[in-house]
1. Provide the packing ranking of 76-87, 222-233, 111-122, i.e. peptides ordered by the mean count of other C-beta atoms within 10 Å per residue, highest first.
2. Counting C-alpha atoms alone, how compact is region 50-186: give Rg to one decimal and Dmax as a whole number, in angstrom.
3. Just want the answer: with Cβ charges of +1 for Lys and Arg and -1 for Asp and Glu, which residue in Val203, Ala249, Met234 is farthest toward the dipole's positive end in region 179-249?
4. Taking Cα centroids, how far is region 216-250 from region 109-146 in Å?
5. Per-residue counts of other Cβ atoms within 10 Å, averaged by peptide: what ranking do you get for 101-110, 160-169, 209-218, highest first?
6. Using only Cα atoms, find the angle between the long axis of helix 99-108 and the longest principal axis of the chain, and express it within 0 to 90 degrees, rounded to the nearest 10.
7. Give, to the nearest whole percent, the P(r) tail of region 179-249 beyond 13 angstrom, counting all Cα pairs.
8. Give, as a single signed number, the net charge of other residues whose beta carbon lies under 13 Å from the beta carbon of Arg107, with Lys and Arg counted +1 and Asp and Glu -1.
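Every number in this text was worked out from the coordinates using simple rules, so none of it is lab data. Since the structure is predicted, the reported quantities are computational estimates derived from the model, not experimental observations. In this analysis, Cβ positions are derived from the backbone assuming ideal geometry, glycine residues included, and neighbour counts consider all displayed protein chains.
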Amino acid sequence: MRFDIFSVFPAYLNALQLSLVGKASEGGAIDIAVHDLRDWTEDRHRTVDDTPVGGGAGMVMRADIWGRALDSAFDIDLGRENPRRILAIPTPAGYPLSQEICTDLARNSDQIVIACGRYEGIDGRVAEHYASREEVEVFEFSLGDYVLNGGEVAALALVEAVARLVPGVIGNPESLVEESHGSAGLLEYPTYTRPLDWRGESVPQILTSGDHGRVARWRRDEALRRTALRRPDMIAALDAQKLDRRDRAA
Ligand code: 6GU
């Protein structure tokens, strides 16, 4: 899996050299290239934006510059026939990013090109143009209902969420199964470690009982309670067939 990230603040993406994602890219399971959008400008001031047509506040990033930059990434030979290439554009006006989408991207895509906008965003023709090219799928995505100043933080989130699901990136695939937004459709239950007493707070006694059945039931109850409180939308979306009698009582 190859990631190409375009930004006017490429240093923002230095964090990708750290931690698990950094190790995976050193080890060769994934490839990450960060590009400075200004490398595709043609004027002395390396201008990437202009005023919005029709008026309004702020500046809009120019389609001509984005087009040259993105073409350079989509021209890269990925060493296989008909690779699946994604153009991911972070925007608060995008489709909500989800674990399901990240899983699909990790398993089934060959290249994710991320176009990080700043200012009032990227000229709308860029998304339209690449959506009309049959070798590219466009995915305009949002992290949630709040506004960031640019796409860089969202790009970091997308790369980390997808890269950890690419086969061979996480050492222990078990750690992928029971987490929040996994197949159970519930938030994850709380976890604890030693010391068993800390500042007058003790670890729930059931967890030290050695009774695996009761531990599993307690965890499921906690996951349900937490999800009902924090994410009532997820409770409403639960498949009633997957709930047992104890779930309903809780
Ligand atoms: Cl993906 N981009 C920006 N600029 N703001 C956001 C976002 C993305 N997701 C939530 N807010």
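1. On the way: 76-87: 13.4, 222-233: 15.1, 111-122: 22.7.
The most tightly packed comes first, giving 111-122, 222-233, 76-87.
2. Calculated on Cα positions, Rg and Dmax stand at 16.5, 53 Å.
3. Sorting the options by dipole projection puts first Ala249.
4. 36
5. Working: 101-110: 16.0, 160-169: 17.9, 209-218: 11.9.
Going from most to least packed, we get 160-169, 101-110, 209-218.
6. Here the helix axis deviates by roughly 60 degrees.
7. Working: 1714 of 2485 pairs.
Percentage above 13 Å: 69.
8. Once positives and negatives cancel, what remains is -1.
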